[in-house]
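Just so you know, all these numbers are worked out from the coordinates, no wet-lab data involved. Being a predicted model, the structure only gives us computed values, none of them experimental. Positions of Cβ are generated from backbone atoms using ideal geometry, with glycine treated the same way; all protein chains shown enter the neighbour counts.
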Amino acid sequence: MKRFISSILCLLFLAVLAGCGSEEVATENNPLVKTKTISLRTGASEGNYPGAVKGRYETTMSFQVGGRILQRFVQAGDHVHAGDVLMTIDSRDVVQQAMQGEAQVAAAKAQLDLARSNLNRYKSLYAQEAISESVLEQYQTSFDAAQAGYNQAVAIAKQGKNAVGYSKLIAASDGVISSVTAEVGQVVGAGQTVLTLVQSQELEVEINLPENRIGDVSKGQSVEVSFWSLNNQPVTGIIREIYPMADTVARTYKIRIALPNPPHGLQLGMTASAKITGSNAADKNQPASNAADFVILPMAAIYQTDNNPAVWVVDANAMTLSLKEVQVEDFDKNQLKVHGLNDGDIVVVAGVHKLHEGTKVRLTNDDNDKEDKH
């Protein structure tokens, strides 16, 4: 009898082990999916971003006439003042053109005097009825053409005289030479950049902001700026400009920060740090889904059914999939703006066309990565 009971217990134990083993096998067979947890920030977020001091106005300078550079009076990094001569080019050809213009004026003046004399003579003959009106009209036309030729020659001569002055490149304002792209002896054309002048009267800070934080900033917003070489003493800056296009490689946006009261000793090129505090919800009592306009998801996260875009959302408790319709719009070639998701939604971002409604899944180790709201 005891042997029979022992056999029954052994069979029950083996059955329990078999059941556990099948459950483990079933769990291991659940597909492994890559996900992102949507986070719609309702509170303030803060970040520090490195930058550099730059001039608000940077002017690329060039000669208005072409020629060979004879002298260069500045180096990169030199401070210059308005009216300083920065470079000169060989003006011999320009002077010759100016002299040629003056000669053309003299020739045109002689033709005009002759035409005027002839016209006066034939007017007298016409008054005496010695010639017809048609002959007088011919000499009037000749005079008008000579007058026009003279005016044209005068204009060309003035242009030549002005060109003589263009042989000197003069600073239009105080500033710093940030780069020099031409050397003595080099032949440059009209309009070819030879150096860059950064005006030093108005300095500002340029930072690069990641695209997932662009929603934290707006024009006119106050930020805290500090400078490493000035003992990191903070000053108040104002966001003046937000570039409309992200860098195609780094996927960052350039932000220009004006400094109404720059610290003493601030110089071009100094390292800066900008502390930006942003808030994406005006009312914390509103649901997160109403506080956010959109989130950014990779294009691979979109599951298309009958022209209705959707995403696979994972139930955090049951670990099963459900399809949720969303609204999308273009963002760039690999990412989309997606509307209609809630805070905390776990969205599958890869392999979506191999999944089915109600499927149990397992999450990868990076399932806790947040997709920040813009």
Pairs to check: Lys36/Lys219; Lys275/Lys337; Lys54/Lys275; Lys36/Lys337; Lys337/Lys360; Lys36/Lys275. Give those whose C-alpha atoms are more than 20 Å from each other in this structure. Lys36/Lys219; Lys275/Lys337; Lys337/Lys360; Lys36/Lys275
Region 68-144 - charge dipole about Cα centre, Lys and Arg +1 at Cβ, Asp and Glu -1, debye rounded to 20: 180 debye
Over region 92-165, what portion of Cα pair distances is larger than 22 Å, expressed as a whole percent? 39 percent
Could you tell me whether region 235-281 comes out rounded, prolate or oblate from its Cα gyration tensor? Rule is a ≥ b ≥ c as square roots of the eigenvalues, rounded for a/c under 1.5, then prolate if a/b exceeds b/c, otherwise oblate. oblate
Can you tell me what percent of all Cα-Cα pairs in region 129-227 are more than 19 Å apart? 73 percent
